[in-house]
1. Cβ-Cβ under 9 Å, sequence separation 6+ or interchain: first residue in the range 51-63 and in contact (Cβ under 8 Å) with a residue 60 or more places away in the chain and open to solvent by 10 Å² or more (accessible area, probe 1.4 Å), partner within 14 Å of the ligand (Cβ to nearest atom) and assigned to a helix (DSSP H, G or I). Which pairs?
2. Restricting to the range 141-188, what's the tally of residues that are among the aliphatic types (A, V, I, L, M) and touching a Phe, Trp or Tyr at 6+ places or on another chain (Cβ under 6 Å)?
3. Would you check if VAL87 is assigned to a helix (DSSP H, G or I), more than 14 Å from the ligand (Cβ to nearest atom) and surrounded by fewer than 17 Cβ atoms within 10 Å (Cβ to Cβ)?
4. Any residue in the range 168-187 that's closer than 15 Å to TYR151 by Cβ and of a type in the set (Gly, Ala, Ser): show its pairings with residues that are open to solvent by 60 Å² or more (accessible area, probe 1.4 Å) and in a helix (DSSP H, G or I) at Cβ separation under 9 Å, as long as the two are six or more apart or on different chains.
5. Can you say whether VAL41 is of a type in the set (A, V, I, L, M) and either in a loop (DSSP other than H, G, I, E, B) or in contact (Cβ under 8 Å) with a residue 40 or more places away in the chain (or both), as far as the supplied structure shows?
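The values are calculated or read from the model by the stated rules, or taken from the named source; none is laboratory data. From a predicted model like this one, the values you see are computed outputs, not experimental measurements. Backbone-built Cβ (ideal geometry, glycine too); neighbour counts: all protein chains shown. In case anyone asks, the SASA skips ligands and DNA or RNA and just uses the protein heavy atoms, side chains included. Shrake-Rupley method; radii C 1.70, N 1.55, O 1.52, S 1.80 Å.
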Amino acid sequence: MSPPTPEARLLRAAVFAARVHATHKRKGASAEPYVNHVLEVAQILAEHGAPEEAVLAGLLHDTVEDSDEDPEPVTPARLVAEFGEVVAGIVGEATDDKSLPKETRKALQVRQAPKKSDAAKMLKLADKISNLRAISASPPANWEHARRVEYVGWAGRVAVGLKGVNPALDALFEATYRDAMARLANEA
Ligand code: ZN
């Protein structure tokens, strides 16, 4: 068999992610299928000139973190076997250590952002863009105004360490962040 085309690799990762996230929903009030989020992250990356490996990692970025309670969790080794070292490595950089308390993980994201590879920085920035859009369009029903303000502010602090690799992505984050903050200010 000839080596897979970029389109075939992309679709294989999309199907893999769709299967892993088949029963997962977004936290927002509209409870969108989780796969919508990873497709959006990959789209943002592809539309802003990110390399193919980063786009693939965008599709796969939550498969390890969000399958930890599944009968067959996705392991980093499985991602290496299916998609190669580079893609698996980017996913690994974008995966939080879930054994740590949530507040520690959030603080670590701010501190470790500047140390990530360029591809992981782009992926994490696209992830934050998608999450800020979701907070604006369909916030979780039980998230008070103050909690949403705190979340958007935290995303902005993580983004400080992620910028400087891809100016178009930096600009999109800025616009999305400003829009999210403006909406929250209007609500207050
Ligand atoms: Zn994500």
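1. Short answer, once both residue conditions are applied: PRO51/LEU45; PRO51/MET122; GLU53/ILE90.
2. Of the residues in that region, 1 qualify.
3. no
4. Once the first residue is closer than 15 Å to TYR151 by Cβ and of a type in the set (Gly, Ala, Ser) and sits in the range 168-187, its partners that are open to solvent by 60 Å² or more (accessible area, probe 1.4 Å) and in a helix (DSSP H, G or I) give ALA180/ARG133.
5. Yes; evaluated as a whole, the condition is true for this residue.
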